[in-house]
Amino acid sequence: MRRIGIFAGAFDPIHKGHIAFAKKALENGLEKVYFLPEVSPRMKPNVSDINDRISTISKVIEQGSRFGVIHLKQNNFEVKSVLTELKQMIPDSKFVFLFGDDVLDHLSNWKDLDILAKETEFLIATREHSASQINDIFENFTVQGLGFRYQIIDLNKNISSTQIRNSQQK
């Protein structure tokens, strides 16, 4: 079964930290990484138009590379519907979700975490949390009966789309 990376996020804008993380993911045994920009991210209400973000991602990723971009029907990342659509688009695949460690701050609020834990794996990029803090967070999920399979990738890059947007507004 193919291991396919799904890198969900706002990507407003996509930056070299996103690309570095996706490249590291490929080095960790993924066949391909798809960028999955959310139309209306819950945690980032004032994002650029989805078509502009998809166009920018498409320009940044190298043609013929092991990167791709997916535009799903959902406005938000909802576990059940996203996994259902991904399974139809990319059958016979094991999905590995790529997240920055900031996602862990609100992951416990997501619906259907049991499905996510059972059917997927995570690659987590460190930015705000140390590896031991990330392990502690996942240990708490294990205590709750959610045995996530995850791997931590230390990028040594402290860059965010928010920083880029703020510097462009000055």
Worksheet entry | Enumeration of residues in segment 119-135 that are surrounded by 12 or more Cβ atoms within 10 Å (Cβ to Cβ) and either in a helix (DSSP H, G or I) or hydroxyl-bearing (Ser, Thr, Tyr) (or both) | Glu119, Thr120, Thr126, Ser130, Ala131, Gln133, Ile134, Asn135
Fill in: Condition met for Ile4 (open to solvent by less than 80 Å² (accessible area, probe 1.4 Å), farther than 18 Å from Ile152 by Cα and either of a type in the set (Phe, Trp, Tyr) or modelled with pLDDT of 95 or more (or both))
no
Practice prompt. Would you be able to tell me the number of residues in segment 7-29 that are open to solvent by less than 20 Å² (accessible area, probe 1.4 Å), under 16 Å from Ile124 (Cβ atoms) and touching a helix residue (DSSP H, G or I) at 6+ places or on another chain (Cβ under 9 Å)?
Written response: 4
Worksheet item: For segment 66-76, does any single residue satisfy the condition of being basic (Lys, Arg), touching an Asp or Glu at 6+ places or on another chain (Cβ under 8 Å) and surrounded by 14 or more Cβ atoms within 10 Å (Cβ to Cβ)?
Response: yes
Practice prompt. Of the numbered conditions (1) of a type outside the set (Asp, Glu); (2) over 17 Å from Lys24 (Cβ atoms); (3) modelled with pLDDT under 95; (4) assigned to a helix (DSSP H, G or I), Val103 fails exactly one; give the number of that condition.
Written response: (2)
Worksheet item: Mind checking whether some residue in segment 69-77 is touching a residue at least 24 places away in the same chain (Cβ under 8 Å) and part of a strand (DSSP E or B)?
Response: yes
Worksheet item: Assuming Gly145 fulfils every condition listed in (1) out of contact with any strand residue (DSSP E or B) (no Cβ under 6 Å at 6 or more places or on another chain); (2) at pLDDT 95 or above apart from one, which condition is it?
Response: (2)
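The values are calculated or read from the model by the stated rules, or taken from the named source; none is laboratory data. Please read all numbers here as calculations on a predicted model, not as lab measurements. Cβ coordinates were reconstructed from backbone atoms using ideal geometry, including for glycine residues, and neighbour counts include every protein chain displayed. For accessibility, only protein heavy atoms count, side chains too; no ligands or nucleic acids. Shrake-Rupley method; radii C 1.70, N 1.55, O 1.52, S 1.80 Å.
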